[in-house]
Every structure is written in C-alpha cells, then in structure tokens.
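The values are calculated or read from the model by the stated rules, or taken from the named source; none is laboratory data. The structure presented is a predicted model; accordingly, all values stated were derived computationally and were not measured. Every residue, glycine as well, gets a Cβ built from its backbone with ideal geometry; the counts of neighbours run over all protein chains shown.
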Amino acid sequence: MQFRHSKSIKEDERRFAQGEHPQEVIYPIEVFPGWLQKCSYLLPITHSLKGMRLALLQGYSTEALLPYILALMLFTAVMLPLSLFLFQKAVKRAKMDGSLTQY
C-alpha cells in the first residue's frame, strides 16, 4: 500500500492543525504509539477499513474477513440499542422542555 503525503510529515501535521484535512493523507495504525494502536481498535472505522482494504486490495474471501465482520456486528449490537435508547430520552426531554414546538 502506498501512502502519499507532502514533503514532510511535519508539514502534514502543520496543515492538519490549521484545519486543512487533505484526503490523501492516511497514516497506518502501525505508525502510532502502542497505546494509541490499542485505542484504535475501540473504533469501528478501524475494523471496517482493514476489512475493506483486505477485500478490495488483496482479494480476501468472506471467510478470511470474518473477524472484521464479527467485530462490526458486535459494535452494531451494542451501539444500535444504546443510540435508540438515548434518542428516545432526548426526545422525551425535549418534549418536556418544549423545545420541539418550533419544529
């Protein structure tokens, strides 16, 4: 896999800090410190991108992608009910506060 960046990583970091987010700048997880690598596995995007890269670039089968698919299913099983519950609470509170009357 090829990673494109500016003349230096420092230049990319400066541009990123100033709010410029070029889409071609992608850092692989392996360049992060160990503690941040572990934290990245708590994000569903990590599993989905790894799975897509393996499937599209290296032609992995569905069976080989099963760990990534199962991780995403686990995220869905936890986050979907949680988000529905929190949305329901937010609507209920908005109704009590009267902030939904303008809509």
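Only one residue in GLU63, GLU30 is touching a helix residue (DSSP H, G or I) at 6+ places or on another chain (Cβ under 9 Å) and acidic (Asp, Glu). Which one?
GLU30
Given (1) within 30 Å of GLU11 (Cα to Cα); (2) surrounded by fewer than 12 Cβ atoms within 10 Å (Cβ to Cβ), where does VAL78 come up short, assuming only one miss?
The single condition VAL78 does not satisfy is (1).
Restricting to the stretch 57-70, name every residue that is over 18 Å from the mean Cα position of the chain (by Cα) and either outside any loop (DSSP other than H, G, I, E, B) or of a type in the set (Val, Ile, Thr) (or both).
Listed by number, the residues that qualify are LEU57, GLN58, THR62, LEU66.
Quick one: VAL31 ticks every box in (1) more than 20 Å from the chain's Cα centre (by Cα); (2) at pLDDT below 90 bar one, so which box is it?
The failed condition is (1).
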